[in-house]
1. Please give the length that would be gained between LEU40 and ILE433 if that part of the chain were fully extended, namely 0.36 nm times their separation in residues minus their C-alpha to C-alpha distance (nm, one decimal).
2. How large is the translational diffusion coefficient of the chain in µm² per second when you combine the Kirkwood radius over alpha carbon pairs with Stokes-Einstein at 25 °C and 0.890 mPa s?
3. Over region 290-369, what relative contact order in percent results from Cα pairs under 8 Å that are six or more residues apart?
4. Just to verify a number: what accessible area does THR309 come out at with the full protein assembly present, 1.4 Å probe, Å² rounded to tens?
5. Rounded to the nearest 10 Å², what accessible area does VAL159 have for a 1.4 Å probe in the complete protein model?
6. Can you compute the equivalent ellipsoid semi-axes for region 237-389, i.e. the square root of 5 times each eigenvalue of the Cα gyration tensor, sorted largest first and rounded to whole Å?
7. Scanning the chain for chymotrypsin sites (Phe, Trp or Tyr not before Pro) in DSSP loops with at most 12 other Cβ atoms within 10 Å, what's the longest stretch left with none?
8. For region 158-250, run through the trypsin sites (Lys or Arg not before Pro) and keep only the ones in DSSP coil with at most 11 other Cβ atoms within 10 Å of their Cβ.
Amino acid sequence: MDTPLDARRLARDNNNSWPAHFRATLALGIPLIGAQLAQLGINTTDVMIVGRLGAEHLAAMVISAQFLFTILIFGSGFAIAVVPMVAQAYGRGDVVSVRRSLRMGLWVVTGYWLLMQPVFYHAESILIATGQKPEVVKLAGEYIAIGHYAVLPGLLFNVVRALVSAIGRAGVILNVTIVTLAMNAFFAYALVLGHFGLPALGMQGAAIVSVAVQLAGFLFILAYVQVREETRRYEMLVRLWRPDWHALWDVVRLGLPICVTILAEVSLFTAASLLMGRIGTIELAAHGIALQWASIAFMIPLGLSQAATVLVGVAHGRGDHTALVRASIAVVVLSCAIAIAGGITFAIIPRYLGSWFLDVSSADAPRVLAYAAPLIVVAGLFQLVDGLQVIANGLLRGLKDARVPMIMALIAYWPIGFFLAWLLAFPLGFGGIGIWYGFLIGLAAAAAMLCARFYMLVRKEETLA
């Protein structure tokens, strides 16, 4: 039976006025956006601190972080799958299904981490095979040997956040991420460089801090869930050892396509850097600046996409078609408005934005800025189509639809996006800007297909209702 608190919340959630839906989207989306930006800040802080050890250490930090991030982001698909499962069950008032989805989510991500142990163990061999320098790989191997233990609590954290997102308490996710950002900055500065009387452990110090910070983040959010009355009643850890094969299969079935979709997009931008590197060093540096701004801007629709999954999932679980439609329209309108504002900003001051990531007094700075400026303008257009495709993905996940969107995304990213990027850059001679135009078209194709898919599913449900 629902507690009085839940009854009030459900009554509030049934307010289907447009202002209520926009407020709900912002109330859930802003903390999730902030959490994404804070997480980006953790990675940036690590690179800045380790970079003070020298070029080799910086290169090792970059490739080891990318190595672990690829494994983490793939496994995060299983954690993301838990979000609509919990949201729909919460919308139905089904406490048992919420608990089972969370428990099996914890099982699946733990099993995934264990399956990745051979990959962690052979990390140095894998990096050598990709053509990295042996001295850099040795340093990276030292980091990965310790740092891979941070992947598990990171995945577990993402599973538990499904519950606090579903009940509208996403603020705790932001608070925990800000605390871990501050912890990471302080202890990395102390242990990597040897300050405040602590030993200078270099790369190993950065890895130790990474593990401690990720573990602390998981324990913080777990403590919140266990202490708060509204979340404790789901008894997430009760009989944790007991399997629920149906729920476990749902996590795997829904999560695997999400894993593949995420990896396909991440690898697409890795391929973009490789293509740009074939053109030249100046071009690659300019590409890196534009991509950094595109990544920062992407955190906004990514956070809104996570909110969309929850809001649509809860409405779908409650059987409230009007709430589902209005929630989806609200998040799309907000995302487009923010993307247009950001795109205008990128178009007006591209050289100024480019100077943020460059020593403007260096000899190559004018050439890099001149090349980066048009790329940053295209990055502004990116915000609209990339935002739309990630929002559409979030909406579809709220309906627990992942397999067909995966196929659509793979087609848009690679046969369309990557092929056009190569074609425009090299055979047609557009160079670096051609790579960005190709990816822009690919992401636009993904946005169109995924939005059409969501529209058709919603119309189908309306017909059946």
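1. Between LEU40 and ILE433, full extension yields an extra 138.9 nm.
2. Values: Rh = 23.0 Å.
For the chosen part, D equals 107 µm²/s.
3. 24
4. We get 10 Å² for THR309.
5. The accessible area comes out at roughly 0 Å².
6. Working: eigenvalues 302, 90, 27 Å².
Equivalent ellipsoid of region 237-389: 39, 21, 12 Å, largest first.
7. 1-195
8. Hits after loop and neighbour filter: ARG239.
The values are calculated or read from the model by the stated rules, or taken from the named source; none is laboratory data. Worth saying up front: this structure is predicted, and the values here are computed from it rather than measured. Cβ atoms come from the backbone with ideal geometry, glycine included; neighbour counts cover every protein chain shown. Accessible surface is based on the protein model in full, side chains and every heavy atom, while ligands, DNA and RNA are left aside. Shrake-Rupley method; radii C 1.70, N 1.55, O 1.52, S 1.80 Å.
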